[in-house]
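One structure is given below, encoded as structure tokens.
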């Protein structure tokens, strides 16, 4: 994790914003604060923070618009903090490019843990030149090589694509729609059974216990993610 990583807090509730600022500062982070979409856009351009904490209810528009704006320019991790707790809200945010979603009210320890994961693996993928390693699993996306316990694992083309899609951003949730579009195309966005079948086969090759996966985790009703740590 970068030392003194700078985090942009986009939150119009001043009490929550101050709480986040104080908690993050006490943990060693630097912070920027914005109360609107427009201020957040300006701070993003001027400072290029390491991570964004984003509320969805902003006075000048929906926070989902800001997710789209950020993704036009950057892969900076976005952690949504919102009182909206429906599955559909979460799916929409992940489809737009959010990395994580934490419902309000939340515990500060859980928030700090999620921030640490986002920063750690964002830096890890940059430093290791597209090689992701977790315990005995190694994924080299540049050379299309997957190893388990130092032995090369032979995957089908679809299994390779699924695993490499998840490995782009370890810890990030990829929705069913995102994975189906990337692997099979836009005409297959509703065919989640394809995804379940091939993900099951991929898990069978990688996991000691497919019923309790270590590497490929399910976000029920939303999608899948590669374990970050």
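For segment 31-40, check the following and say yes or no: at least one residue is in contact (Cβ under 8 Å) with a residue 12 or more places away in the chain, within 27 Å of residue 181 (Cβ to Cβ) and not in a helix (DSSP H, G or I).
no
Condition first: farther than 14 Å from residue 220 by Cα and more than 16 Å from the chain's Cα centre (by Cα). Now tell me which residues in segment 82-104 satisfy that.
Passing the criteria: 83, 84, 104.
Only one of 91, 152, 117 is outside the structural domain of residue 206 (by TED's automatic domain parsing) and modelled with pLDDT of 90 or more; which?
91
All but one of (1) under 24 Å from residue 25 (Cα atoms); (2) in a helix (DSSP H, G or I) hold for residue 64, so report the exception by its number.
(1)
Residues are listed down the side, and each one gets a yes or a no for (1) under 30 Å from residue 189 (Cα atoms); (2) buried (at least 19 other Cβ atoms within 10 Å of the Cβ):
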position: 11; (1), (2): no, yes
position: 17; (1), (2): no, yes
position: 20; (1), (2): no, yes
position: 31; (1), (2): no, no
position: 35; (1), (2): no, no
position: 47; (1), (2): no, no
position: 52; (1), (2): yes, yes
position: 59; (1), (2): no, no
position: 76; (1), (2): yes, no
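For segment 135-229, which helices (runs of 4 or more DSSP H) that fit wholly inside it have 3 or more residues that are under 17 Å from the mean Cα position of the chain (by Cα) and in contact (Cβ under 8 Å) with a residue 12 or more places away in the chain?
Of the helices (runs of 4 or more DSSP H) lying wholly inside segment 135-229, those with at least 3 residues that are under 17 Å from the mean Cα position of the chain (by Cα) and in contact (Cβ under 8 Å) with a residue 12 or more places away in the chain span 157-167, 176-183.
Answer with yes or no whether residue 150 is exposed (fewer than 15 other Cβ atoms within 10 Å of the Cβ) and under 14 Å from residue 137 (Cβ atoms).
yes
Has segment 97-114 got at least one residue that is outside any strand (DSSP E or B) and over 23 Å from residue 19 (Cα atoms)?
Yes, some residue in segment 97-114 is outside any strand (DSSP E or B) and over 23 Å from residue 19 (Cα atoms).
Quick one: in segment 180-191, of everything that is at pLDDT 90 or above and touching a helix residue (DSSP H, G or I) at 6+ places or on another chain (Cβ under 6 Å), which residue is surrounded by the fewest Cβ atoms within 10 Å (Cβ to Cβ)?
Within segment 180-191, the match that is surrounded by the fewest Cβ atoms within 10 Å (Cβ to Cβ) is 182.
The values are calculated or read from the model by the stated rules, or taken from the named source; none is laboratory data. Being a predicted model, the structure only gives us computed values, none of them experimental. FYI the Cβ positions are ideal-geometry reconstructions off the backbone, even for glycines, and counts take in every protein chain you see.
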